[in-house]
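The block underneath contains the structure these notes are about, expressed in structure tokens.
The values are calculated or read from the model by the stated rules, or taken from the named source; none is laboratory data. Everything quoted here is computed from the prediction, not taken from an experiment. Positions of Cβ are backbone-derived with ideal geometry, glycine not excepted, and every protein chain shown enters the neighbour counts. All accessible areas refer to the heavy atoms of the entire protein, side chains included, with ligands and DNA or RNA removed. Shrake-Rupley method; radii C 1.70, N 1.55, O 1.52, S 1.80 Å.
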Amino acid sequence: MQHRGFLLLTLLALLALTSAVAKKKDKVKKGGPGSECAEWAWGPCTPSSKDCGVGFREGTCGAQTQRIRCRVPCNWKKEFGADCKYKFENWGACDGGTSTKVRQGTLKKARYNAQCQETIRVTKPCTPKTKAKAKAKKGKGKD
């Protein structure tokens, strides 16, 4: 009977400890590193060199200012920013007049209180399907 009581007491202590650690992690995520402030306003991630890679993001809350490390992906679209995440539809058909394809994206997530457009349209050039490539593939199969 003593073993059950000890086991139960140990289990409750472990549960309380993990709960306290989880609450502490939530505070750090909301307010920034090591801060009690709740209303942080974060700026965009600014890469240290060129236009992508590791950089810093500045945040302010009242009189406090902090800088945290961040990373700008090298394939980000500058028109709508690295902190705006969109869910995109499939590419549309090629427009013969402009030789471009279009697709629309709907805002999925705005990180660090970024100001993002709800929907965006992006374009890219159509891929040329040349007859020379098709003929070269057919010619290899006949040898």
Note to self: Under 6 Å between Cβ atoms, which residue pairs at least 6 apart in sequence (or on different chains) link something in the range 96-117 that is touching a residue at least 40 places away in the same chain (Cβ under 8 Å) with a partner that is open to solvent by less than 50 Å² (accessible area, probe 1.4 Å) and of a type in the set (Phe, Trp, Tyr)?
What the structure shows: TYR112/TRP42
Notebook entry, point to check: Mind checking whether some residue in the range 125-138 is modelled with pLDDT of 90 or more and farther than 30 Å from TRP42 by Cα?
Noted result: yes
Next item on the list: Select, from ALA38, ALA13, ALA22, the only residue that is open to solvent by less than 100 Å² (accessible area, probe 1.4 Å), modelled with pLDDT of 70 or more and hydrophobic (A, V, I, L, M, F, W, C).
Entry: ALA38
